[in-house]
Every structure is written in C-alpha cells, then in structure tokens.
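None of the figures in this text is laboratory data; all of them are computed from the coordinates on show. Note that this is a predicted model, so its numbers are computed, not measured. FYI the Cβ positions are ideal-geometry reconstructions off the backbone, even for glycines, and counts take in every protein chain you see.
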Amino acid sequence: MFGGIGSFIASEISGAVKRNVIVYGLFGLAALLVLCAGGYALNALHTMLMLRYGGIAASLWIAGGLFATALLAFCIALYVKGRRRPPRPAATAALAAAPLAAKLIGSRMSWRLALAGGIVVLGAILGRQIVAGGAEDDEEA
C-alpha cells in the first residue's frame, strides 16, 4: 500500500518539476527573442532618427526612451512588490486527502498504520506546497 503512495508522490513531484522546467525554459526563450527584436527595432529607429536629426540627437532620443522605460518598469516592480498575496486555500489539499483518510480510518487496521498513512499524506501535501513555492518566500524581503 505504501509503495503505491510513494510512487504517486514521486510522480506528482517529478511531473510538477518537469512542467516548471519546460514553462520557464519557454519563458526564457521568449524573453531572448523579445530582446533581439527590441534591439533590432532600436537600431532601425536610431537609423531613422539619425537621418532626420543627426547622430547625437538620435542617440540622446534612444537613451532617453530607454531610461524612461527602465524607470516605468522599476515603478511597476515596486508596486507589485508592495501588494500582498492572497492566502492559498488549504481546503483543496484536505479534499484530495479525504478519501485516503476515510479508507484508513474505516478499515480494521491498527492505529499505527493509520498514523503512518496520515504522515505520508501530510508529507505529500507539504511536498506539493514546497514545489509550488510557499508563502514564506514572499515575507523575506
């Protein structure tokens, strides 16, 4: 019985980690492509401004635009950092563990086996929260 629970926990954790690696890898690729496209667009804008206003004025316009964009991103980051995250509901984990707990309590097993099953279920719930990222990470900064 515990071998099945262990393999279930291992598959849940490995599935979540694989999904996270794929998602963050694709985000990284998208960010790299956006940076390349942005650099290419800035080069084209610089060329257009240089033909119209001259080299120094074009460089100053590009630098000012980049500075204003960086300032806007910094202000948004401060705003998002200041917001509080809503608490994660623990009811979903309790509902997921309820059938296993009812099966352990309802059967004629010893209390030690039921306690061990409860510890395994609690470990699975805590493991999912650790993989998903706990609320303690948000309170540090």
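Things worth noting here:
- With 0.36 nm allotted per residue and the present C-alpha distance subtracted, the R128-N43 stretch has 26.0 nm of extension available.
- Additional length obtainable on full extension of the chain from A57 to R84, 0.36 nm per residue less Cα span: 5.4 nm
- Linear extension gain, I5 paired with L35, 0.36 nm per residue minus alpha-carbon span: 6.3 nm
- Using alpha carbons only: equivalent-ellipsoid semi-axes of the range 1-66, gyration tensor based, whole Å: 53, 9, 4
- Local electrostatic count, N20, Cβ distance below 14 Å [Lys/Arg +1, Asp/Glu -1]: +2
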